[in-house]
1. For every helix of n ≥ 4 consecutive DSSP H residues, a contribution of -39,500 (n - 2.57) applies; sum these over the chain, divide by its total residues, and give [θ] at 222 nm rounded to the nearest 500 deg cm²/dmol.
2. Roughly speaking, what is the centre-to-centre gap between the range 317-340 and the range 196-223 when only Cα atoms are used, to the nearest Å?
3. For the pair residue 41 and residue 228, how long in nm is the line joining their label points, each one 7 Å along Cα→Cβ?
4. What shape does the range 239-351 have by the C-alpha gyration tensor, where a ≥ b ≥ c are the square roots of the eigenvalues, rounded means a/c under 1.5, and otherwise prolate means a/b greater than b/c and oblate the rest?
5. So for the range 181-236, considering every pair of alpha-carbon atoms, how many percent are separated by more than 13 Å?
6. Taking the beta-carbon count within 10 Å as an exposure proxy, list 142, 73, 36, 325 from fewest neighbours to most.
7. Rounded to the nearest 10 degrees, what's the angle between the helix 341-351 long axis and the longest principal axis of the chain, both from Cα atoms, 0 to 90?
8. Quote the relative contact order of the chain in percent (integer), defining contacts as alpha-carbon pairs under 8 Å separated by 6+ residues.
């Protein structure tokens with residue numbers, strides 16, 4: 001993937017990849033750590049083989065001061081993550097262990113990336129992990145990649161970074177990060193800080209903590225669902241006729257148009273259909289149900305190219321439009337920030353929305 005391409009293409013050797021990089025003037029050159037063929041008949045067949053961590057300078061702006069203090073906090077987070085990765089758990093130790101690795105570290109121009117090949121397997125083949133798949137919207141390999149990033153960084157990694165086997169994109173040393181080119185004082189070249197030692201440590205020491213993470217995620221998801229259902233019910237009950245008439249005069253809501261309809265997304269698709277697009281198209285823009293269906297279906301088709309849908313889009317769209325036909329309105333941007341902060345951050349970033 002390069003800036004010029006804007007999407008991933010499959011290559012079969014180093015020379016092909018370099019041709020694409022060269023034609024893009026080496027701007028935003030990335031490769032996926034995982035192969036293009038990752039599943040068979042909807043079943044994950046890709047073992048865990050690579051972990052990555054993204055530490056972005058912007059995420060440390062709120063941790064005391066700016067400038068030098070911000071860079072100090074970033075460096076401190078990097079050292080803490082590397083210490084956790086490199087430390088080996090001794091026999092009989094009670095504390096949580098690590099993999100005893102020695103990863104590659106890159107400076108990306110506005111932060112650090114940590115890359116580490118590992119020795120793993122397909123977790124879906126083991127009953128103790130397979131039982132979680134019925135509650136998840138992603139495969140266990142992708143979930144483990146995200147868990148490892150959170151675990152090694154103590155949740156200080158880039159909040160918008162949610163890598164999967166389809167989007168575990170690695171920057172190429174010597175390429176240019178175009179986010180840094182307009183910035184004064186920032187070198188856009190991606191540089192190697194530390195090199196991988198060639199050893200693939202086992203993921204085994206992390207499996208106990210991964211299972212606990214999955215259990216907690218299931219608990220959190222259930223609690224969040226209850227909150228969303230309660231808020232949705234309250235939302236429908238408190239909308240007054242005056243508010244309804246005022247909102248009906250609105251023909252466009254900028255953050256929905258720019259942040260969602262113009263930008264396919266790899267996640268939150270079910271939520272967006274239910275809470276945003278269905279009521280927005282039907283009750284704000286007053287678009288007929290058949291046309292609203294086509295608009296949402298087109299958006300899902302584009303989103304599917306980023307991350308494969310794990311649900312039947314026809315059924316979900318019909319459910320969303322049927323619910324919206326009762327007259328309720330899309331969630332406000334302020335409420336979205338409270339109810340779904342990850343999606344709020346994406347919308348703000350994608351749509352360049354000021355609030």
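Nothing in this text is a laboratory measurement; each read-out follows from the coordinates by a stated rule. All values reported here derive from a predicted model rather than from experimental measurement. Note that we place each Cβ from the backbone using ideal geometry, even for glycine, and neighbour counts take in every protein chain shown.
1. Estimated from H runs of four or more residues: -12000 deg cm²/dmol.
2. Value for the Cα centre distance between the two parts: 33 Å.
3. Modelled inter-label distance: 3.0 nm.
4. Oblate.
5. 78 percent
6. Lowest count first: 36, 325, 73, 142.
7. Value to nearest ten degrees: 90.
8. That works out to 17 percent.
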